[in-house]
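Written out below as structure tokens is the structure these notes cover.
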Amino acid sequence: MERLRAATARFREATEAQRGTRAVLAVKNEFYDELIKGARSPVLANLLGSLHARVSVLRATSMSQPGRALKAVEEIETLTDAIARRDTKAAVKVCTTHIKNAAKAGMRDSAETHPESNGHRSARL
């Protein structure tokens, strides 16, 4: 639990220092690494590793939105607290909220960058 809390604190520090999206995401990845280690589940490690690789662009887009990085820090801190309390329901709730907020921020960026798509990506062959 100490390593997870330390990773959470480093995420806040990097975000508040405004180190840039790449640097902040690298520190946030340290949080996920500790989370996975603490779960002691090779299946979870494989699943999250694959998922993070697939959503890396969305994560960068979301975190670059004004205010999103600090909000993400708050969400991760709330998650860390829920894990420390072993409160599964609270952890699930904050994870769901975190993912929804990240998706909204990413979609907001997409809509602002490509207004002709109405927030939807066009299919490309």
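Nothing in this text is a laboratory measurement; each read-out follows from the coordinates by a stated rule. This is a predicted model, so every value here is computed, not measured. Note: ideal-geometry Cβ built from the backbone for every residue, glycine included; neighbour counts use all protein chains shown.
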At each listed q (0.11, 0.13, 0.18 Å⁻¹), what is the log10 of I(q)/I(0) that the Debye formula gives for the chain modelled as equal alpha-carbon point scatterers? -0.40, -0.56, -1.01
Taking a ≥ b ≥ c as the square roots of the Cα gyration tensor eigenvalues, with a/c under 1.5 meaning rounded and otherwise prolate when a/b beats b/c or oblate if not, region 53-102 comes out prolate
Counting pairs of alpha carbon atoms under 8 Å apart in space and at least six apart in sequence, what relative contact order in percent does the chain give? 24 percent
The chain: calculated mean residue ellipticity at 222 nm from DSSP helix runs of at least 4, using -39500 (n - 2.57): -26500 deg cm²/dmol
Among all the lysines, which ones have a C-alpha under 20 Å from residue 71's C-alpha, if same-chain residues fewer than 8 places away are not counted? 28, 93, 100, 104
For a footprinting-style exposure proxy, rank 21, 61, 88, 8 by other Cβ within 10 Å, fewest first. 88, 21, 61, 8
